[in-house]
Amino acid sequence: MAGGIEFLPKEYGYVPLVIVLYIFLNFYMSAQVGLARKKYKVPCPTLYASEAENKDAKLFNCIQRGHQNSLESMPLFFVLMVLGGIKHPIISAALGILYIVTRFFYFKGYSTGIPDNRLGGLGKFWLLAIFGLVFCTVSFGVSLLLS
């Protein structure tokens, strides 16, 4: 195989597939924000609705915030997936799937308009997936230093 990927394990292919799956989740969340903009009459480029001007501001803002929070954590997730997956591709992919599922439920809970709902059900386990990916990445870094 050419192109400098000979050093990657075959199973590493799961890592970019999981990353693409997260991108599709992001598209879904983005579409939900777009629909909420229409429904609650919050025009672009307004990031958050004002409660003084819009009776549905809190509901819209929770939908927007659920998506925004996922965008804020996306670079961390991607870097941990890419690096941790080099040494632990299967574990990283499984943790990535867990992260995606938990972020979906986090978003759905937040979208109810009650911010505390973001941590109900599976939504509270996203940090477990991140810490698992941190462990995989640290393991990769240490193995490089010790080789």
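The values are calculated or read from the model by the stated rules, or taken from the named source; none is laboratory data. Model, not experiment: these values are computed from the prediction. Cβ: placed from backbone, ideal geometry, glycine included. Neighbour counts: every protein chain shown.
One line per residue, one yes/no per condition, for (1) within 30 Å of Ala129 (Cβ to Cβ); (2) of a type outside the set (A, V, I, L, M, F, W, C):
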{"site": "Ile5", "(1), (2)": "yes, no"}
{"site": "Lys10", "(1), (2)": "yes, yes"}
{"site": "Val15", "(1), (2)": "yes, no"}
{"site": "Val20", "(1), (2)": "yes, no"}
{"site": "Asn26", "(1), (2)": "yes, yes"}
{"site": "Lys38", "(1), (2)": "no, yes"}
{"site": "Val42", "(1), (2)": "no, no"}
{"site": "Ala49", "(1), (2)": "no, no"}
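Using beta carbons and a limit of 7 Å, which pairs, at least six apart or on different chains, have the first residue in the stretch 15-32 and touching a residue at least 24 places away in the same chain (Cβ under 8 Å) and the second one basic (Lys, Arg) and crowded, with 18+ Cβ neighbours inside 10 Å?
Hits for this filter: Leu25/Arg103.
Applying the selection to the stretch 113-125, what residues are closer than 16 Å to Ser70 by Cβ, more than 15 Å from the chain's Cα centre (by Cα) and either among the small types (Gly, Ala, Ser) or surrounded by fewer than 16 Cβ atoms within 10 Å (Cβ to Cβ) (or both)?
Pro115, the sole residue that qualifies.
Just a yes or no: is a residue in the stretch 127-139 of a type in the set (Phe, Trp, Tyr), under 30 Å from Asp56 (Cβ atoms) and touching a residue at least 24 places away in the same chain (Cβ under 8 Å)?
Checked the stretch 127-139: no residue is of a type in the set (Phe, Trp, Tyr), under 30 Å from Asp56 (Cβ atoms) and touching a residue at least 24 places away in the same chain (Cβ under 8 Å).
Would you tally the residues in the stretch 18-62 being loosely packed, with under 11 Cβ neighbours inside 10 Å and either in contact with a helix residue (DSSP H, G or I) (Cβ under 8 Å, 6 or more places away or on another chain) or closer than 15 Å to Ile86 by Cβ (or both)?
4
What residue, of Phe140, Phe131, Phe78, is in contact with a Leu (Cβ under 7 Å, 6 or more places away or on another chain), surrounded by fewer than 21 Cβ atoms within 10 Å (Cβ to Cβ) and of a type outside the set (D, E, K, R)?
Phe140
Looking only at the stretch 44-58, decide whether some residue is assigned to a helix (DSSP H, G or I) and closer than 23 Å to Arg118 by Cβ.
Yes - at least one qualifying residue is present in the stretch 44-58.
Condition check ((1) touching a Lys or Arg at 6+ places or on another chain (Cβ under 9 Å); (2) in a helix (DSSP H, G or I); (3) modelled with pLDDT of 95 or more; (4) more than 17 Å from Met29 (Cα to Cα)) across all residues:
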| residue | (1), (2), (3), (4) |
| --- | --- |
| Glu72 | no, yes, yes, no |
| Pro75 | no, yes, yes, no |
| Val79 | no, yes, yes, yes |
| Ile86 | no, yes, yes, yes |
| Ile91 | no, yes, yes, yes |
| Tyr106 | yes, yes, yes, no |
| Arg118 | yes, yes, no, no |
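Gly66: more than 18 Å from Thr102 (Cβ to Cβ) and either part of a helix (DSSP H, G or I) or modelled with pLDDT under 95 (or both), yes or no?
No, not satisfied.
One residue is enough: does the stretch 129-138 have a residue meeting the conditions at pLDDT below 95, part of a helix (DSSP H, G or I) and hydrophobic (A, V, I, L, M, F, W, C)?
No, the stretch 129-138 has no match at all.
Within the stretch 5-42, work out how many residues are closer than 30 Å to Lys58 by Cα and either among the hydrophobic types (A, V, I, L, M, F, W, C) or not in a helix (DSSP H, G or I) (or both).
Taking the stretch 5-42 first, the residues closer than 30 Å to Lys58 by Cα are 21-42.
Filter once more, keeping what is either among the hydrophobic types (A, V, I, L, M, F, W, C) or not in a helix (DSSP H, G or I) (or both): 21, 23-25, 27, 29, 31, 33, 35-36, 41-42.
Qualifying residue count, the stretch 5-42: 12.
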